[in-house]
Amino acid sequence: MTSQLEHKEPPQANGAVPGDRLASPEHQEPAQFLGPQGTGVEVVMLESRANAKGVREEDALLENGSQSNESDDTSTERGAEPASPLKETSFSIGLQVLFPFLLAGFGTVAAGMVLDIVQHWDVFKYVTEVFILVPALLGLKGNLEMTLASRLSTAANIGQMDTPKELWKMVTGNMALIQVQATVVGFLASIAAVVFGWIPDGHFSMDHAVLLCASSVATAFIASLVLGMIMIGVIIGSRKMGINPDNVATPIAASLGDLLTLALLAGISWGLYKELESRTFVNPLVCAFFLSLLPIWIMVARRSSATREVLYSGWEPVIIAMAISRWACPCPQSLLGLVPALTSPLCPCSVGGLILDRTVSDPNFAGMAVFTPVINGVGGNLVAVQASRISTYLHMSGEPGDSPGPAPRRCPSPCSTFFSSDVNSRSARVLFLLVVPGHLVFLYTIHSMQGGHTTLTLVFIVFYMTAALLQVLILLYIADWMVHWMWGRHLDPDNFSIPYLTALGDLLGTGLLALSFHVLWLIGDRDSDVGD
């Protein structure tokens, strides 16, 4: 055996070694038998482990993040790590997604409580357009943050953030890009607030318009800076801990995004409103300062190949998604007086505004405004995780437009989406199974805080869960089709898919919930006086 171990065979393609040598127990610790002339064999052996075991392409997505740098480290200390990469099971996927998923739901609840407190501040009383600014800014910013999380998760999983140089390049490019997008989005949201505030009564105040612009742009800029750094820390930490960033990044971005953006908007607008009394020049100065930084961020973002394309083409899905899910925001006129402390949040404007506008003022739908942010938030967070995972899987096979399999992907069947043996189908099943326990937790929270006008009867819970399950089922299927469809048309799903999917989630959630309330009203299982 000694002569066999001392015999050194020439390296093969891709750094592989013969399978019989790899299977031998003696080769698990190469440092024990390598001679003075065999210093290079250890690297070859470490690099060959995944390939020699025949790991399939889809399983590459499930490897432990700490394994990605093994082939770059030639020290004997790395040889003590496990030889085979850790794989994600259905249990591990569910365990990794569960905490961020619950955190995102409670983030929605917390944002609602913050809005319920700050709506009594002077700036919200006398500059009522701020109420219109809330859903517009939160919706646009939410899509930017979730696409950033998806983009960085993919970059981390495919090894584009492994070296300090790559990490710095990815961080600077994406941080500059998100500042450009946030500044423009904040400016557009303020214009929308001014226009929709002016249309009903025909009154226009220049001081209020500048206040809205300064508040919106400053809030978007600061929130994006803070959240961007948090996302980078979460993704790097996830990789070091062996957690798939796709499972945690987008829900955390959603949970922290709404809460932080709303708190910043309230504080900044309150401070700038105080300045109107004595120093009116402060508001236009703040607005001009943040807008003047745009050329700098654009120059930095253009230098990175990873963000250059998004800088030009990443606006369409965000703007269209806002038009789908937040058109005809009914919030200032009809909702704030109806929605209790728990959900005057994300003003049910985070749902299809038209549907909600037709239902929330109907006494037959009393209490619906309480549950719409929850059902839409849960659906959006789960489908964002799935879209991010599928996109990462596709990026491992090449560039957008490359076929991930032997034949181009067509419209998938429901069986292939939910019941096949591949990794994406497995994660779809896990995410679908999280719907019921997650909603039960949120329903109990709403009920315990007396946040609704609806009794939590067994019949109501059954209808509510049916609507939630159907929403997520449809969203996961559409995500499977949409991400592959965009990939086949040379569009990066990380930048395009999530805004459309969350907007569709708003429409589906609101429509299905309205249908459930209507059926409950028809069968008489409603008590709209409870909780008043």
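The values are calculated or read from the model by the stated rules, or taken from the named source; none is laboratory data. Just so you know, these numbers come straight off a predicted model, no measurement behind them. Using ideal geometry, Cβ is built from the backbone for each residue, glycine included, and neighbour counts are taken over all protein chains shown. When the accessible area is computed, the model is the full protein with side chains, heavy atoms only, and any ligands, DNA or RNA have been set aside. Shrake-Rupley method; radii C 1.70, N 1.55, O 1.52, S 1.80 Å.
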Practice task
Just grab the label-to-label distance for residue 316 and residue 203, each label 7 Å out from Cα along the Cβ direction, in nm (one decimal).
Solution key: 4.2
Fill in the blank from the handout: Here the Cα Rg-to-2.2 N^0.38 Å ratio for segment 103-159 is 1.55
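Would you calculate the volume per residue, in Å³, of the smallest convex hull containing every Cα atom of segment 166-261?
Details: hull volume 9.3 nm³, N = 96.
With only Cα atoms used, segment 166-261 gives 97 Å³ per residue.
Heavy atoms only, 1.4 Å probe, whole protein assembly: order 88, 309 by accessible area, highest first.
Numbers: 88 15, 309 110 Å².
Correct descending sequence by accessible area is 309, 88.
Determine the share of segment 91-138's accessible area contributed by carbon and sulfur atoms, expressed in whole percent, with a 1.4 angstrom probe.
Numbers: 1390 of 1850 Å².
Reported share for carbon and sulfur atoms: 75 percent.
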